[in-house]
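To start, the structure under review is shown below, and the notes come after it.
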Amino acid sequence: MNLPITTSQPEALRRHYLYPGTLFVHHQAHLVTTVLGSCISVCLWNQTSQIGGINHYLLPLWNGEGLPTPKYGNIAITKLVEKVRALSNPGDKLIAKVFGGASMWEKTEGLLAIGQRNIEFAVEALAAHKIPIVGSDLGGYQGRKVIFNSGDGTVLMRRQQSMRISQT
């Protein structure tokens, strides 16, 4: 009797490019790529459920004008936590990895310190949600390319050329 020969190869991971001001959560594993300057990406992962998500926000706080979109940290982090928890089991613990927040200007004070303000907001917001940050690469003067594997929580990150802009 001849039996059919079968091979089982793991399905190739799907890919997704994450644009600024958006977030991504899916029940299937994906490799999610984004490029950051002063923006921040929070990668959330649930080890028990093997589910993760990522956001890419530009500014720390929505000022109440216009639509409350994930281009603002206070919207992006809350929505990301909600969506990952919705696909998780009650009581599962989430962990975070945070990237970005480069200084884009030579003088980084006040309103021009967008990268630093984004970093501070991410750290405070995750602490408020009781989500530990287990990995990060923040600040400096270089952009970053981030590839997040939402199925196993790993992140590949590469720094880009310095992006500082002179002010005259």
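The values are calculated or read from the model by the stated rules, or taken from the named source; none is laboratory data. Owing to the predicted nature of the structure, the values given are computational and were not obtained by experimental measurement. Neighbour counts run over all protein chains shown; Cβ positions are idealised from the backbone, glycine included.
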Worksheet item: Within the range 71-87, how many residues turn out to be surrounded by fewer than 18 Cβ atoms within 10 Å (Cβ to Cβ) and more than 21 Å from I119 (Cα to Cα)?
Response: 2
Item to complete: Return the pairs, sorted by first residue and then second, in which the second residue is among the charged types (D, E, K, R) and in a loop (DSSP other than H, G, I, E, B), the first residue lies in the range 123-141 and is free of Cβ contacts under 8 Å to residues at least 40 places away in the same chain and surrounded by 14 or more Cβ atoms within 10 Å (Cβ to Cβ), the beta carbons are less than 7 Å apart, and the residues are 6+ apart or on different chains.
Response: Y141/R164
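Only residues that are of a type in the set (V, I, T) and within 10 Å of the chain's Cα centre (by Cα): list them for the range 13-53, please. I'd like the intermediate steps shown before the answer.
Taking the range 13-53 first, the residues of a type in the set (V, I, T) are 22, 25, 32-35, 40, 42, 48, 51.
Listed by number, the residues that qualify are T22, V32, T33, T34, I40, V42.
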Worksheet item: Would you call W62 at pLDDT below 95, crowded, with 17+ Cβ neighbours inside 10 Å and either under 17 Å from G153 (Cα atoms) or of a type outside the set (D, E) (or both)?
Response: yes
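Would you please name the residue that is surrounded by the most Cβ atoms within 10 Å (Cβ to Cβ), looking only at residues in the range 38-48 that are within 10 Å of L94 (Cβ to Cβ) and either touching a Leu at 6+ places or on another chain (Cβ under 7 Å) or hydrophobic (A, V, I, L, M, F, W, C) (or both)? Before you say what the answer is, go through the steps one by one.
First, pick out the residues of the range 38-48 that are within 10 Å of L94 (Cβ to Cβ): 44-48.
Adding the requirement that they be either touching a Leu at 6+ places or on another chain (Cβ under 7 Å) or hydrophobic (A, V, I, L, M, F, W, C) (or both) leaves 44-46.
Details: L44: 29, W45: 25, N46: 20.
Among them, the one singled out is L44.
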Fill in: Hits in the range 70-92 (condition: at pLDDT below 95 and of a type in the set (V, I, T))
none
Item to complete: Give the number of residues within the range 93-115 that are part of a loop (DSSP other than H, G, I, E, B) and either at pLDDT below 90 or among the basic types (K, R) (or both).
Response: 7
